[in-house]
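Inspection log for the structure reproduced underneath, given as structure tokens.
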Amino acid sequence: MYIPEIPNNSLTENLNKLVRLTQQLNDEYSFYYSPPLNETEISEIECINNISLPSSYKEWLMFSNKATICGAVAEFYDIKNAINSPNYVHGDTVIIGCINGDGEIVCFSKSNGTIFTNDHGEIYEVDSFDDILLGIIEQLQYRI
């Protein structure tokens, strides 16, 4: 299984935890991480789409642009596809993934860069993408 190199940024600690859990659970559950994007690719996406991606989400993209984590625990979409798809863009909101396997989606606001989840109409704003990772890590720890 391919696991991208962990970048040195604000997500490093939790990315290390995620990778360790991935390695422990890989025989029982499905995991997929695509290669990361580099800073130039991320800047091009922002420029072409006249958008500013949240900084902590950019740090995730420097680890993996698309991922499936433990089957339905979390899935993150290819940002190049999501940002240009009417299936993933609704007004000010860009859907970047889903978590918990129950329809809860992870989004960000194009106007202010806020990252939030939408759990069947209930909106939960988070401080950064690291908060999303913490929730995923917690779910993976229950499976060990």
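Considering only E125, E44, E59, the Gaussian network model of the chain with Cα springs below 10 Å gives its largest mean-square fluctuation to E44. Note on segment 49-104: Kirkwood hydrodynamic radius from all Cα pairs is 11.9 Å, rounded to one decimal.
Once the C-beta distance of S111 and R20 is scaled by a Förster radius of 25 Å, the resulting FRET efficiency is 0.10 to the nearest 0.05.
Taken over the Cα atoms of the chain, the convex hull encloses 102 Å³ per residue.
Read the figures in this text as sums done on the coordinates, not as results from a lab. None of these values were measured; they are calculated from a predicted model. Please note: Cβ atoms are built from the backbone with ideal geometry, for glycine as well, and neighbour counts cover all protein chains shown.
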